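Novice: Right, I'll just put the structure down here and ask away after.
The values are calculated or read from the model by the stated rules, or taken from the named source; none is laboratory data. This one's a predicted model, so the numbers in the text were calculated from it and none came from an experiment. Note that each Cβ is placed from the backbone with ideal geometry, even for glycine, and that neighbours are counted across all protein chains shown.
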C-alpha cells in the first residue's frame, strides 16, 4: 500500500452545531489553517439524541456561517474558532480555502437566501421553485458566490468580492439583488502566469437539464473575477462540486461529483491555460466530492467521501499519466455511522505528511470535523 495511516484526530465537535465541509491549508510556519461550515444543531435541546433523530439535520440553515481556526502542527487549536463576516441576508454554505504562491489566503463560498414557508409556496405559484429543507420547513433560494482574501493568514480579511450573475442562468430568478451565479465546493488553482481559476457549478442552466460546470478567472490575484465562456457538461447527468488539479507539466484535470451516474467520477482535461476543457469521461471510481492535492514529486493525491457501505473516506495516489482506475484505492475511514459524511480536504504538512480533514458523525449523531494524518511511500 502506498499510504500509511498514522493517526486520527478530532479537530472540532460541538453538540450545539452541525459542523461540516472543512477545508485546510498549511501556513508558512507549519500551522494548519481550517475553515468549515457551521450551523445550529437544534437537537441538543432534547438532551440525548434519539435514534430516530440521528440524521435529523439539514445542509441548509438560516444561521449557517464559516468558522475559521488556526491549529498547531500537532493539531491543537490556537484559539476557539472565529466566525467570518456573514452576509446580512444570506447564510454561507462552504469554507473553501486556497493559499496562493505569494501567500495570499483565499476563502470562497456560496450563500443561501432563507425564506418563509409562506413565501416559498407563493413563489411556486409563479413558476419559480425554491429549494426546501427536510426539517426546518422553510425555503432557500441560491443567493450569491464570493471570494475574500487575507494577506496575514486570516487575522484580517478583505471585503467579499461577489461574482457577477451568469447571463445563461435561470431565467425565472430575475431579482438583481440575488444574482445566484452558481454554487462552489472545490479547489481553485493558480496558473503559471499567476491567473486564478475557480470552478463552480449550477443547475437551471440555459439549454441543459442537468447541472454544468462554469469557471471564474482572476488576473489580479483575486481583486476581480470574470466569468469564462467555457462550460463543461455531460449528457444525462449532473456535474457537481468540481475541483481542479494543475499537473506539473501544465495539464489541468477537472474532477466532478455526479448524479444520475451511479455516483461515479467524471473528469475533463484542459491545457495549461485552463480555457477549454474537453473529453469529459465517466470513470469507474465511486465517491464524492473530490479534492486533488498535487504533490511535490508530481504525483496526485485524490481523496473523496464514500457514502456506500462501509461509509467513510477513500483516496488514490496517481502517478503522472496513470489511469486513475489503475491506482489502488486506499480506505482512510470506513466507520462512519451515517452517509452524512466526507467532504475531505487535503494539505501537505510541513514535515511532508498529508493531513486529510473531513466531517463525520460520532456515536451520538453529532457531526464534527475530524482528520487523519497519512504518510506516503
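Novice: Could you list, in sequence order, all residues of the range 142-167 that are part of a loop (DSSP other than H, G, I, E, B), crowded, with 16+ Cβ neighbours inside 10 Å and in contact with a strand residue (DSSP E or B) (Cβ under 8 Å, 6 or more places away or on another chain)?
Specialist: Listed by number, the residues that qualify are 153, 154, 157, 160, 163, 166.
Novice: Among the residues that make up the range 40-60, is at least one of them modelled with pLDDT of 95 or more and assigned to a strand (DSSP E or B)?
Specialist: Yes: the range 40-60 contains one or more residues that are modelled with pLDDT of 95 or more and assigned to a strand (DSSP E or B).
Novice: Does the range 227-248 contain any residue that is within 21 Å of the chain's Cα centre (by Cα), surrounded by fewer than 20 Cβ atoms within 10 Å (Cβ to Cβ) and closer than 21 Å to residue 345 by Cβ?
Specialist: yes
Novice: Still on this structure, please answer the following. Which residues, taken from the range 239-250, are under 15 Å from residue 190 (Cβ atoms) and in a loop (DSSP other than H, G, I, E, B)?
Specialist: 247, 248, 250
Novice: Which one is nearest to residue 152 (Cα to Cα), of the residues in the range 30-46 that are without any contact (Cβ under 8 Å) to a residue 12 or more places away in the chain and out of contact with any helix residue (DSSP H, G or I) (no Cβ under 8 Å at 6 or more places or on another chain)?
Specialist: 42
Novice: Looking for whichever is touching a residue at least 12 places away in the same chain (Cβ under 8 Å), over 25 Å from residue 186 (Cβ atoms) and in contact with a helix residue (DSSP H, G or I) (Cβ under 6 Å, 6 or more places away or on another chain) here; the options are 49, 119. Which one fits?
Specialist: From the options 49, 119, the qualifying one is 49.
Novice: Could you please find all residues in the range 26-49 being farther than 26 Å from residue 62 by Cα and crowded, with 23+ Cβ neighbours inside 10 Å?
Specialist: The one that is farther than 26 Å from residue 62 by Cα and crowded, with 23+ Cβ neighbours inside 10 Å: 32.
Novice: Where residues in the range 125-141 are farther than 23 Å from residue 59 by Cα and assigned to a loop (DSSP other than H, G, I, E, B), which of them is farthest from the chain's Cα centre (by Cα)?
Specialist: Top of the filtered list is 126.
Novice: May I pose another question? In this structure, does residue 118 turn out to be outside any strand (DSSP E or B), surrounded by fewer than 20 Cβ atoms within 10 Å (Cβ to Cβ) and under 22 Å from the mean Cα position of the chain (by Cα)? Reasoning before the result, please.
Specialist: Values: outside any strand (DSSP E or B): yes; surrounded by fewer than 20 Cβ atoms within 10 Å (Cβ to Cβ): yes; under 22 Å from the mean Cα position of the chain (by Cα): no.
Criteria not met by residue 118.
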